[in-house]
Amino acid sequence: MRTEALPTVPAAATSSRVVSIDLLRGLIMIVMALDHVRDYFSPFPWDPTDLSKASAALFLTRWITHYCAPIFVFLAGTSAYLYKRNSGCSMRHLQGFLVTRGLWLVLLEITLISFFWQFGYHGMILQTIWSIGWSMVALAVLLYLPTWAMLAIAFAMIFGHNLLDGIHPKDFGAYALGWAFVHEFYFDQVTPNFFIAVGYPLVPWIGVMAAGYGFGQLLELDRARRDRILIALGVSMIALFLVLRLTNAYGDARLWAPNPRGLLYTILQIGNVTKYPPSLQYLLMTIGPALLLIPLLERWRGHWADRVTIFGRVPFFFYVLHLPLIHLAALIWTESAFGVATLGDFFHNEVVPGYEPSLLRVYLVWAAVIVATFPLCAWYARYKRTHKDNQWLSYL
């Protein structure tokens, strides 16, 4: 994301801290691909989070990917802070960059990325990139405020948005879609040939990104002090999650209860929280462990760490690359094996004779996708590093 010559930065702002962020982002990008492979190569006739039907393995395959979106949005805010710190740009420049890149991401989500999901254009699918784009625009506005005020708004969104759970798009009549943009998963078959799917409402994602921007300031602290703060924050978030979850006091519309299938499924039920929109409990469950992981990642070096870092340095490039690759591979497989288009065509799964779900197939294809995309990601990471003066590279 650097587009200007880098000034000298304080000793506390060492490159290892940036590497630890890239490692975390690289890990979540790799895990994200697992979910998309599962969508296309092994759709199940039931929701993977339905613990009355799903196996523990299927549930965990889906559950681990819950960590991707909140960490990616949170780190997008952190990256904005690092961009300003490392480039030495003005606040006005940063705000302009956030607005233009955010609107660019929104445009790509409603056009190219929606096309990649469908290999056609039967509707708009508004998901992660949509929410990140608008959150960047919102962050540009929030940066007019003092840091404390921006963080107060962020925490109000994160901790208070579940108070809106009782309000639904249908309550707004003709303006239902507007409320869906704000706070509820929404699907509308607008015409027989066109739908709108709002997978990622903007609240509380805007707050998550703003909190990530504030988190960037922790990177300026000396390592020992910063690690103590990260551990304290991470442990506190996990503890609060457990208290809220086990008491059903607040923070998730999907209440916890013992599962009649036994102890294992009862334990899994604790983590079975709401993603659309991300509940307070969901955010505590995902961001808390991520904060604990950062001090460990700063000590991870070597062959595999270097490769994971590559994906973290070019996350959007990987995102745009892996979607059509997975979809095309699934199309070739299902056409040759069953004579149909992809089984996991997003909202239009098909069940055909001879098809059986297989998590083994999912994991094998997932590994192949990561191996296949790595050389291109490594090339693009090198290209960005050697062409820092090219401002357009900041948009992919």
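Readers should treat all values here as calculations from the given coordinates under stated rules, not as data from a laboratory. The structure presented is a predicted model; accordingly, all values stated were derived computationally and were not measured. Using ideal geometry, Cβ is built from the backbone for each residue, glycine included, and neighbour counts are taken over all protein chains shown.
Between the residues Ile167, Leu60, Thr111, the greatest Cα displacement towards the positive end of the dipole of the stretch 15-395, with unit charges on the Cβ of Lys, Arg, Asp and Glu, is found for Leu60. Simple spin-label estimate for Leu164 and Asn248 gives 2.5 nm between the two label positions (7 Å along the Cα-to-Cβ direction from each Cα). When +1 charges are put on Lys and Arg Cβ atoms and -1 charges on Asp and Glu Cβ atoms, the dipole computed for the chain relative to its Cα centre reaches about 1320 debye. Remark: spin-label model distance Trp46-Ile64 equals 2.2 nm, labels positioned 7 Å along the Cα→Cβ axis.
Taking amide H atoms as placed 1.01 Å from N in the peptide plane, the amide H of Asn259 lies under 5 Å from those of Thr266, each 5 or more residues away in sequence or on another chain. Cβ-Cβ distance of Thr386 and Ala174, R₀ of 45 Å, FRET efficiency by 1/(1 + (r/R0)^6): the value works out to about 0.30. Each of Ala224 and Thr100 was given a label point 7 Å from its Cα along the Cα-to-Cβ line. The distance between the two points is 4.4 nm.
Annotation: peptides 87-95, 22-30, ranked by per-residue average of other Cβ atoms within 10 Å with the highest first, follow the order 22-30, 87-95. Taking 17 Å as the cut-off, the amide N atoms of the stretch 49-74 that come nearer than this to a point 7 Å along the Cα-to-beta-carbon line of Leu263 belong to 56.
Taking amide H atoms as placed 1.01 Å from N in the peptide plane, the amide H of Gly123 lies under 5 Å from those of Phe195, each 5 or more residues away in sequence or on another chain.
Computed from backbone phi with θ = phi - 60° and the Karplus coefficients 6.51, -1.76 and 1.60, the 3J(HN,Hα) list for the stretch 365-377 is 5, 4, 4, 5, 5, 5, 5, 5, 8, 4, x, 5, 5 Hz; x is used for glycine and proline.
Could you compute the FRET efficiency for Tyr355 and Val190, with r as their C-beta to C-beta distance and R0 at 35 Å, rounded to 0.05?
Details: r = 30 Å, r/R0 = 0.86.
FRET efficiency, Tyr355 to Val190: 0.70.
The value of relative contact order for the stretch 15-395, using C-alpha pairs under 8 Å at least six residues apart, is 27 percent.
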